[in-house]
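The values are calculated or read from the model by the stated rules, or taken from the named source; none is laboratory data. Nothing here was measured: the structure is a model prediction, and the numbers come from that model. Cβ coordinates were reconstructed from backbone atoms using ideal geometry, including for glycine residues, and neighbour counts include every protein chain displayed. The protein model used for the area step is the full one, side chains on, heavy atoms only, and it has no ligands, DNA or RNA in it. Shrake-Rupley method; radii C 1.70, N 1.55, O 1.52, S 1.80 Å.
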Amino acid sequence: MPALLMAALLLLYLVFTIQYAVRLILDPQPFAKAIGVALLVLPLIGLWVLAVELIFAVRAERLAERLARDGALPVDDLPRLPSGRPDPAEADKRFPQFQAAVEASPDDWASWFRLGLAYDASGDRRRARWATRRAIAISRKR
C-alpha cells in the first residue's frame, strides 16, 4: 500500500510538472520554450520508470500468489532485527538451499522467485530484483 501511495503522489507531481511545461512551451520567448521542452522530457522519463516499476511489482505479486496457492512459498520464520527486517546473518545460512534449487532446475520460475526472496532476506536488493525478474521472464514463456 505505501508503494501505491508513493506512486500516486509521483503521478500527481508529474501531472503538475507536465502542465507547467506546456505553459512554458506555449510562451512566445524561446528561452521559456527550451525550458518547457526540458521540463517535459523529465516527467515523461519519470512516467516510464513508474510504469516499469509498477508492472514489475504486479507481476512479482502474481508469482507470489501462485506460490502461496500451491503452498510453495518458503516459511518466513527468520529472526527479525529491531527494524522488522529479517536478520541477514540468519538469512545467509539458509541461502545455499535456494541457490542449489536454481542450479538443479534453472528453468523453474518458482526456484528463481524463492532465490529472489532469499536475496531480499539477506539484504541484497539488487540481486533480489534480478532473480525476481528472471522468475517473471521464465513464467511468461510458459
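Given R₀ = 41 Å, FRET efficiency for Leu26-Arg66 by Cβ-Cβ distance, to 0.05?
Efficiency at R0 = 41 Å is approximately 0.25.
What number in nm² do you get for the range 13-60 if you take the convex hull of its Cα atoms and divide its surface by four?
3.0
Determine the sum of side-chain charges near Asp92: Lys and Arg each +1, Asp and Glu each -1, restricted to other residues whose C-beta is under 13 angstrom from that of Asp92.
Taking every Cβ under 13 Å from that of Asp92, the sum is -1.
Nearest 10 degrees is fine. How inclined is helix 109-122 to the longest principal axis of the chain, computing both from alpha carbons?
Between the helix axis and the principal axis of the chain, the angle is about 80 degrees.
Please calculate the 1.4 Å probe accessible area of Ile55, with all protein chains present, and give it to the nearest 10 Å².
So the heavy atoms of Ile55 present about 80 Å² to solvent.
Once you charge only the Cβ atoms, +1 for Lys and Arg and -1 for Asp and Glu, what is the size of the charge dipole of the chain about its Cα centre, to the nearest 20 debye?
380
Using the basic label-point model (7 angstrom from Cα toward the beta carbon), what is the Glu53 to Glu103 distance in nanometres?
If labels sit at Glu53 and Glu103, their model points lie 3.5 nm apart.
Would you kindly work out the equivalent ellipsoid of the range 8-142 from its C-alpha gyration tensor and give its semi-axes, the square roots of five times the eigenvalues, largest first in whole Å?
Gyration-tensor ellipsoid for the range 8-142: 42, 17, 12 Å.
With angles folded into 0 to 90 degrees, how steeply does helix 88-104 sit against the dominant principal axis of the chain? Use alpha carbons for both and round to 10.
80
Check Gly123: other-chain or 5+ apart residues with amide H under 5 Å from its amide H, H built from backbone geometry?
Amide H to amide H, under 5 Å and 5 or more residues apart or across chains, Gly123 pairs with nothing.
With angles folded into 0 to 90 degrees, how steeply does helix 2-26 sit against the dominant principal axis of the chain? Use alpha carbons for both and round to 10.
20
Which value, in Å², gives the accessible area per residue of the chain when a 1.4 Å probe is used on the protein heavy atoms?
Per-residue accessible area for the chain comes out at 68 Å².
Give the calculated FRET efficiency between Val75 and Leu9 to the nearest 0.05, with a Förster radius of 41 Å applied to their Cβ-Cβ distance.
My answer for the efficiency is 0.75.
By how many nm would the segment from Arg85 to Gln19 lengthen if fully extended, with 0.36 nm per residue of separation less the alpha-carbon distance?
19.8 nm
Using just the alpha carbons, could you tell me how many Å³ per residue the convex hull of the range 32-83 encloses? Could the numbers behind the result be given before it?
Numbers: hull volume 4.9 nm³, N = 52.
So the per-residue hull volume is 94 Å³.
Using a 1.4 Å probe over the heavy atoms of the protein chains, calculate the carbon and sulfur portion of the accessible area of the range 29-83 as a whole percent.
Details: 2710 of 3940 Å².
Result for the range 29-83: 69 percent of the exposed heavy-atom area is carbon or sulfur.
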